[in-house]
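The values are calculated or read from the model by the stated rules, or taken from the named source; none is laboratory data. Note that the structure is a prediction, hence the values are computed from the model and not measured. Backbone-built Cβ (ideal geometry, glycine too); neighbour counts: all protein chains shown.
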Amino acid sequence: PIFGDVLVLILLKMSVAVEMTPRSLFEALSILLSPLPPPDVLRSAESALLQWEASSPSVYVRALVDLHSGSLPKVSGLGDDVRLAALLCLKNAAVRRWTDRGRRPRRHAEPSPGSVLDAAARTHVRSYALRRG
């Protein structure tokens with residue numbers, strides 16, 4: 001894929017925290033799909049995706065659903081390869097963040113806020129999956 005937003009690419013390369021927007025999400029997924037991205041750019045894109053998931057999993061998952069569905073208006077050039085990458089990231093985020101699954105130590109009774117998907121995000125994913133299914 002051709003990277004349309006040079007600023008996002010430069011920020012990803014510099015490992016600067018990039019705000020998650022439809023364009024930055026598209027660019028990060030495009031970098032992952034590139035045949036030979038520079039290793040530092042690839043690590044920065046992976047790091048940005050993981051940081052977006054960790055900082056706000058519900059927003060991240062909704063953005064991936066919207067990217068896969070093609071309902072994000074500001075992203076042009078959305079091909080099947082980027083849609084598939086969004087779907088794979090969505091699957092991975094859902095596995096990691098759907099519920100707590102008892103992975104925290106017992107002394108912490110409640111999962112930390114934002115560590116799992118909220119009910120609205122789970123409903124959004126479910127309804128999209130059932131519509132597409």
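Would you call R97 surrounded by 14 or more Cβ atoms within 10 Å (Cβ to Cβ) and either touching a helix residue (DSSP H, G or I) at 6+ places or on another chain (Cβ under 7 Å) or at pLDDT 95 or above (or both)? Lay out the reasoning, then the answer.
Working: surrounded by 14 or more Cβ atoms within 10 Å (Cβ to Cβ): yes; either touching a helix residue (DSSP H, G or I) at 6+ places or on another chain (Cβ under 7 Å) or at pLDDT 95 or above (or both): yes.
Considered against the rule, which asks whether it is surrounded by 14 or more Cβ atoms within 10 Å (Cβ to Cβ) and either touching a helix residue (DSSP H, G or I) at 6+ places or on another chain (Cβ under 7 Å) or at pLDDT 95 or above (or both), R97 comes out as yes.
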For this session: May I ask you to list the residues in the range 17-45 that are in a loop (DSSP other than H, G, I, E, B) and either touching a Ser or Thr at 6+ places or on another chain (Cβ under 6 Å) or loosely packed, with under 14 Cβ neighbours inside 10 Å (or both)?
Result: A17, V18, E19, P35, L36, P38
Exercise. If you check A93 against the conditions, is it more than 9 Å from the chain's Cα centre (by Cα) and assigned to a helix (DSSP H, G or I)?
Worked result: no
Exercise. Only one of (1) closer than 12 Å to P22 by Cα; (2) aliphatic (A, V, I, L, M); (3) surrounded by fewer than 21 Cβ atoms within 10 Å (Cβ to Cβ); (4) modelled with pLDDT of 90 or more is not met by L84, so which one is it?
Worked result: (1)
